[in-house]
1. Please work out the average accessible area per residue across the stretch 372-443, using the 1.4 Å probe convention, and give it in Å².
2. R0 = 41 Å: FRET efficiency of Lys274 with Ala343, Cβ-based, nearest 0.05?
3. For Lys106, which lysines qualify as cross-link partners when the Cα separation must be under 18 Å and same-chain residues fewer than eight apart are set aside?
4. Based solely on its DSSP helices, what 222 nm [θ] is calculated for the chain when runs of n ≥ 4 H residues each add -39,500 (n - 2.57) and the sum is averaged over all residues, nearest 500 deg cm²/dmol?
5. Which value, in Å to one decimal place, does the Kirkwood hydrodynamic radius take for the stretch 310-443 when every pair of different Cα atoms is included?
6. Return the sequence-ordered ³J(HN,Hα) values of the stretch 85-93 in whole Hz as given by the Karplus equation 6.51 cos²θ - 1.76 cosθ + 1.60 applied to θ = phi - 60°, using x for Gly and Pro.
7. Between Arg310 and Val71, how many nm apart are label points set 7 Å from Cα along the C-beta direction?
8. Which number comes out as Rg/Rh for the stretch 230-311 once both Rg and the Kirkwood Rh are worked out on C-alpha atoms?
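The values are calculated or read from the model by the stated rules, or taken from the named source; none is laboratory data. Since the structure is predicted, the reported quantities are computational estimates derived from the model, not experimental observations. Reconstructed Cβ throughout: ideal geometry from the backbone, glycine too, with neighbour counts over all protein chains shown. All accessible areas refer to the heavy atoms of the entire protein, side chains included, with ligands and DNA or RNA removed. Shrake-Rupley method; radii C 1.70, N 1.55, O 1.52, S 1.80 Å.
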Amino acid sequence: MIIRSCLAALVACLAFGSAHAAQPRTVYKNATLIDGTGAAPRPGMSILVDGERIAKVWKDSEIAFKLAGDVRVVDMSGKYVLPGLTDSHQHLATPPDRPWAQAQMKRDLYSGITSTRDMADDLRNIADLARASRIHEIPGPDIYYAALMAGPSFFEDPRVQAASLGAVGGEVPWMRAITPQTDLPMAVAQARGTSASAIKIYANLPGAEVARITQEAHRQGVPIWAHAAVFPATPKEVLDAGADVVSHVCMLAYQVSDEVPSQYHNRAPVDETKFGQGVNPQIAPLFTKMKTDGVVLDATVRIYAEMEGRPRAYCSTKLAAELTRQAHKAGVIVSAGTDGFSAPEAAFPALYEELELLVERAGFSPMDAIVAATRNGALAVRKDADFGVIAEGKLANLVFTAQDPSKDIKALRTLTLTVKRGREYPRADFDPTAEAAIRKGGE
């Protein structure tokens, strides 16, 4: 009986491995390459994918490259290829709702998003979603996620309770309340134990505590993803502490407030009268420091468009776009994050809205926007060694479109094929209406 059970388990394992076996070596031939670096598109390029990685990139007219007989060749004449996209700000499990999250992830992947930065949720759920998408058990982007740290008063937030059900928010490794008495080496080590890619410093902490958390996290090799203002910690204090990525461009505007709010939930709108046509003198040094230190700005312009006119809005889309324009012009690395989801019935995800806002409102060229969602997205999760640009040795995360998105960012909507870690996800296989009800259910 024991032997029979073991054999059954082995057969099941082998069947799973067969179903998820890597695709054969494939050449995507004769596409126009947009490599994610901002370089001009290069027509007539071919890409050899071997397993999960790109083995070779070349131009047929310049290099004679003989293919082995077992290599599959896909003619991509007339198509454009760019790196897989990264949404650098999502929340997939607050509260946890696995069918809803999987429906969002599926739409993301079939729309070219091959990686997601999840900005603190119920990590018990997120970790399993990350595992399942990583091994191709479910269709979705690779997920890189953060454990959250904030001041004790923040943990009255109902979202925290929703992300800590069955436990006490503020007392778990993925949602930790920080005081001057907190054993930070232990708290950071426990956050690492969740397999988090970073620690997110959220709210209600003074500058000294932000610096103390950052110092310990960096000592243990953990990046810091922070709100641009942590209340009462100012944007300058957050940057001086050494944050690696800061989120929400309008929070930088609190640097010029007459009084910085003491708590996240009590923040007044920023004073937009302090911003004229040029860069505010108190904001300019922030941009300079971000450029010098290589800090990534997760601008999230679309969240301001989504909030505009609502009671919780603290900044107009106009100012958010203008600050993002100024940061980009100053040489700050800007990534493309959404902090939300497009309508359940929408054919494409919110990242497309963010990219279109960067071009239409923040003065980015279409190529700049592509870089924000490719190379800069990889920088935001410190995975630029693996993806973000198309080059030999990188993961085979590719997006093919019928029209040129470097001329018109809306051409991303002509996407025909996503390749994630060497596996193909044809857009024709995705029905955006099929799971709209599931996506609506999680709202």
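1. Here the per-residue accessible area is 40 Å².
2. With a Förster radius of 41 Å, E is 0.75.
3. List returned: Lys420, Lys440.
4. Rounded to the nearest 500, the figure is -9000 deg cm²/dmol.
5. Taking every pair of different Cα atoms in the stretch 310-443, averaging 1/r and inverting gives 16.4 Å.
6. Going residue by residue, I get 8, 10, 8, 8, 7, 9, 10, 9, 8 Hz, with x marking Gly and Pro.
7. The answer from the label model is 5.0 nm.
8. Rg divided by Rh gives 0.94.
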